[in-house]
1. Among B:401-414, B:186-199, how do they line up from the highest to the lowest mean number of other beta-carbon atoms within 10 Å?
2. Which of the three applies to the protein assembly as shown, rounded, prolate or oblate, going by the alpha-carbon gyration tensor with a ≥ b ≥ c and a/c under 1.5 meaning rounded?
3. With all protein chains present, how much of the accessible area of chain A (probe radius 1.4 Å) comes from carbon and sulfur, to the nearest whole percent?
4. Need one number: % antiparallel among DSSP beta bridges in the protein assembly as shown, to the nearest 5.
5. Roughly how far apart, in whole Å, are the Cα centres of the stretch A:118-145 and the stretch A:42-60?
6. Rounded to the nearest 500, what is the 222 nm mean residue ellipticity of the protein assembly as shown from helices alone, with -39500 (n - 2.57) per DSSP H run of 4+ residues and division by all residues?
7. Arranged from highest to lowest average of other beta-carbon atoms within 10 Å per residue, in what order do the peptides A:194-206, A:75-87 appear?
8. Largest first, what is the accessible-area ranking of A:SER178, A:SER38 with a 1.4 Å probe?
Amino acid sequence: MVEIKDLSYKWKDGDKELLNIDYLHITRGERVFLKGSSGSGKSTLLNLLSGMIVPKNGTIKVLDQTINALKPSHRDVFRANHMGYIFQTFNLVPYLSVLDNVMLPIQFSNERLQRIKNTGIEPEEEAKRLLQVVGLEGSDLLNKSATELSVGQQQRVAACRALLGSPELIIADEPTSSLDEDAQEAFINLLLKECTRKQTTLLFVSHDIRFTKYFTKVIELKNGSIKELLTTNIGGQ
Amino acid sequence: MSVLIKLAFKSIRYRKATLILSLISVSLSVVLLLGVERLRSTIEESFTSSISGTDLIVGARSGNVPLLLSSIFHIGYPSQNVSWETYEYFSTRQDVKWSIPISIGDSHKGFSVVGTTEQFFEHYEYGGKLNLQVNRGEACVHGYECVLGAKAAKDLGYTVGDNMVVTHGMGHDEFVRHEDEPFKVAGILETTGTPVDQSIFVSIYTLDAIHSHFYSNSHDVFNDLDRMHNHAGHAHHHETQLQNPKALSSFLLGVKSKSSLLSLQRTINEYTNEPLTAIMPVITLLELWEIVKPIEQTLIIISILVLIIAMAGVFTTIMISLSDRIREISILRSAGAKSQHIFGLILLESFGIICLGIITGISLLYAGLYLFKPILTKQLGVLISIGWFSLNEIFLLMLLLLLGGIIGLIPAYKSYKNSMAVSLVVKK
Ligand SMILES: Nc1ncnc2c1ncn2[C@@H]1O[C@H](COP(=O)(O)OP(=O)(O)O)[C@@H](O)[C@H]1O
Ligand SMILES: [Mg+2]
């Protein structure tokens, strides 16, 4: 699913290398917990994976595509079709309703729209279903502006958006750190449940090691390189 | 594309507080720019079209512009007259097709009284070769009959058949009233948008008779007043004993062939019996317009400056909001929007605001024109046309759109570049 080889990255020329990853492999359907201290380069790594930035050296393969070799516009299309992204906070477009926020990816990706249609469900129904799974329902709430929601609700909407249209890879960059403890637990469980249901690969960044137990693979980013702390064989490739 | 329009629309609605300010400033500057342009073109048009078809205007020796102003616009009056013999000499020349004698200097309740003959209604042309049309009654200035311009008739409230009295001297100063010479309104002309509208036409013979009656060599105002009372009973019987006037203010000529025009003009200018000036109205009108031009250009420049300031306002608003929108842009990017989408979104928004401002401005302008047209016509005597856009205005609108496009492109390009470079790292 994801394969990184001989990757090195620095933001500015003259800096010392922020990332120096010889090899990282993530199997399809794996749920990966990525930890690391603040500033260690976790978000930078996610940016590389999503193709928002490209490395000078090394290869990054996602779904057998070497994304750092793609043209920028193709990388954009690839990201739109195959990845869902959740940020730490402020995930929602303020001028769109809750429902419109969730539906956003299928505005830009035909492939994700098609995937929903292939299951015989209307896109809007699928969006509502996902929202219901995370405990958000009622036309009142769905038509609310995104800014009227609590932080916890906003994060759940963001998860729904990332999941809609079943992208193969979900990238969550510290999505729980702005939530209180109970909400964190609930959020992770919901996310994992949906990912399992659809065989989605999840790359989850957090420094809260209480949650490692839910993941099949735990890796740490330290001094620029990846250390595998735990790998459970899940079958797969 | 429809996604972008929807997004842009919602985003504009979300930011309406600041954007409405931009919208107002753009639309007001559009109103100003187009309004000034329309006023300018209206004035220029009614100005340059106030006389056409007349080949030469002849008066006593003076500057070209003063002669035009006094004979056509009734602004000021010549200090010297032209003798009737000279008028007859030139109007009967072989190469002259028609002539109109003009005597000015009298007024009635603020409207200038023009002494002339029926030739005036036959040969005077304005605009693109338009003849004077009679609205009511007939264009007859025999004896004590007079013909009123449209505005004069309307403002004074006269209709055909009414009696009126003429005052000597310009303006409202009714120092000497020709009370015993009441005129009867024979006809009222159609609106022309030229000084004709504000004129009262009487027979040049009658006018001269009145003048000689009051300003004989032994002119005495008190005597006049006495005589006025004595004459009260038989005021209408002058017309039979009318003679040729001694003098006139100026005359208009039409030539048979344009090729003789220049030599005729030279002949008149070099006439030795009497110092004369002959002008071609077309050329002098342009001369006159050149005098007015700096004013109109200043107006245009001011409104363009206002427009630029408004556009700069829109530009800064968008640029400032851009830094607030880096997060929004990364959200959209993470949800699958391409860099081009971001470019399109920002362009649509800024361009959209400017277009909306232009449309609002045009609507405001037209609403204003409809509202203020009667006042403008009444106060300034200009007939603003509320027609479709003129070529100039379309050019200005194109310029605005172009400017709007450029102003939209800069932030759009900046955010495009940004979204290429911006990582999905959300800054805390
Ligand atoms: N867009 C950027 N431009 C330049 N430097 C950046 C950028 N984003 C992050 N960095 C730098 O890269 C380093 C790692 O940041 P980040 O990947 O956000 O770490 P983490 O997510 O692990 O906290 C930090 O020193 C940060 O300053
Ligand atoms: Mg981070």
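1. B:186-199, B:401-414
2. It comes out prolate by the Cα gyration axes.
3. Whole-percent figure for carbon plus sulfur exposure: 47.
4. Counting only bridges with both partners in the protein assembly as shown, antiparallel ones make up about 70 percent.
5. 33
6. -15500 deg cm²/dmol
7. Ranking the peptides A:194-206, A:75-87 by packing returns A:75-87, A:194-206.
8. Accessible-area ranking of A:SER178, A:SER38, largest first: A:SER38, A:SER178.
The values are calculated or read from the model by the stated rules, or taken from the named source; none is laboratory data. Computed from a predicted structure; not experimentally measured. Quick reminder, even Gly has a Cβ in these numbers, built from the backbone with ideal geometry, and neighbours come from all protein chains shown. Keep in mind that these areas ignore ligands, DNA and RNA; they rest on the heavy atoms of the full protein, side chains included. Shrake-Rupley method; radii C 1.70, N 1.55, O 1.52, S 1.80 Å.
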